[in-house]
Amino acid sequence: MNRELETAINAAKEAGNIAIQTFGELDLAKIHPKDYKDFVTEVDSACEQRIASAITSAFPDDSMLCEEGSTANGTSGRKWIVDPLDGTLNFIHSFPVFSISIALCDSKNDLVTGVVYQPVLDELFTAEKGKGASLNGNPIHVSSRNDPEHFLIATGIPFKEYHYLESYVSMLKDVIHDSAGIRRAGSAAIDLAYTACGRFDAFWEYKLFPWDYSAGVLLVREAGGIVTSFSGNGDVSAHHSIVAGNPVTHPLILEKAKKHFHEHL
Ligand code: 2AM
Ligand code: CA
């Protein structure tokens, strides 16, 4: 294991421990509105501080982008992308689905390291470019399901921007017909990690941020899956839209994304 992955794992576990200590007992005073229907808690900030200081002390020349505003402008050309708590609304409501997501891009902007940690289950998903993906040290692969009747598909439901709601609902109807069930877990990093290990057969969501998806995108790709934007581009940063799946489900969901979201792409 290289030093980058080791640093990311240690930071994610430390942040996970901070989150677990408050989970289920969060004081209302510690929740602050960030934006319309978007919240940040003092736990998000404490996790972010811990991760940011671990990364900057190990790699002082690297840049960093964190959801809650911590930044570093290093000279190495490499960039860490951090979501200290993905699934904050779940965390606030004591719904035990949230994660810590840490990714590293190299100087060519390629994802090279990804860690998603789900502290409630002590599940650590890791990936290194070209070396595969693992869950708690054991190799993982995307599902091999190829029959829509068996597909369990994850998504993120729009929660504050409504101009694409009709497109989303028509796509949802379409996917309902071609799957056994749909799940909305509330943490995109977990949706992608679960797609990487085959629990979910695919995942789609429109309008995410790099900290929500970067580590998870590497996990899915290193687990043998395919990830693109809704327009089929491997560079998902164009619309921050994600379609992830195995070699059978990805094209199926991508076709529906193109059909229903064409006016937004
Ligand atoms: P966050 O908890 O880090 O903000 C998927 O829908 C993503 O949107 C989640 O990973 C979540 O990341 C973010 N999000 C922000 N506000 C949300 C809300 N009100 N409901 C659902 N997801 C929200
Ligand atoms: Ca977050």
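The values are calculated or read from the model by the stated rules, or taken from the named source; none is laboratory data. From a predicted model like this one, the values you see are computed outputs, not experimental measurements. Here Cβ is always computed from backbone atoms with ideal geometry, including for glycine, and neighbour counts include all displayed protein chains. When the accessible area is computed, the model is the full protein with side chains, heavy atoms only, and any ligands, DNA or RNA have been set aside. Shrake-Rupley method; radii C 1.70, N 1.55, O 1.52, S 1.80 Å.
Details
- With semi-axes defined as the square roots of five times the eigenvalues of the C-alpha gyration tensor, the equivalent ellipsoid of the chain measures 28, 21, 18 Å, largest first.
- Over all pairs of different C-alpha atoms, the range 1-150 has a mean inverse distance whose reciprocal, the Kirkwood radius, equals 16.2 Å.
- Förster-model FRET efficiency, 45 Å R0, residue 136 and residue 165, C-beta, rounded to 0.05: 0.75
- Accessible surface area normalised per residue over the range 1-154 is 48 Å², counting heavy atoms of protein chains with a 1.4 Å rolling probe.
- Residue 36 exposes around 130 Å² of accessible area when a 1.4 Å probe is run over every protein chain in place.
- Cα gyration tensor shape of the range 130-205, rounded if a/c is under 1.5, else prolate or oblate by comparing a/b with b/c: oblate
- For the chain, the relative contact order works out to 16 percent when only alpha carbon pairs closer than 8 Å and six or more residues apart are counted.
- Within the accessible area of the range 1-158 (1.4 Å probe), percent carbon and sulfur: 48 percent
- Whole-number accessible area per residue in Å² for the range 211-265, which is evaluated in the context of all protein chains at 1.4 Å: 35 Å²
- Separation between Cα centres of the range 147-176 and the range 187-265, rounded to whole Å: 13 Å
- Point-charge dipole on Cβ atoms (K/R +1, D/E -1) for the chain, about Cα centre, debye to 20: 360 debye
- Anchor residue 30: lysines whose Cα lies under 23 Å away (excluding residues fewer than 8 positions away in-chain): 13, 160
- When shorter helices are ignored and each DSSP H run of at least 4 residues is given -39500 (n - 2.57), the per-residue value for the chain at 222 nm works out to -10500 deg cm²/dmol.
- When 204, 211 are compared by accessible surface with a 1.4 Å probe, the order from highest to lowest is 211, 204.
- When the chain is treated as a GNM with alpha-carbon contacts under 10 Å, the residue of 149, 255, 14 showing the greatest mean-square fluctuation is 149.
- Rounded, prolate or oblate (a/c below 1.5 giving rounded, otherwise prolate when a/b exceeds b/c) for the range 73-139 by Cα gyration tensor: oblate
- Aspartates and glutamates with Cα under 13 Å of residue 79, excluding same-chain neighbours fewer than 8 positions away: 4, 61, 62, 106, 110
- Here the range 100-205 is assigned +1 on the Cβ of each Lys and Arg and -1 on the Cβ of each Asp and Glu. Its dipole about the Cα centre then comes out at about 160 debye.
- Label point distance in nm, residue 32-residue 129, each placed 7 Å from Cα along Cα→Cβ: 3.5 nm
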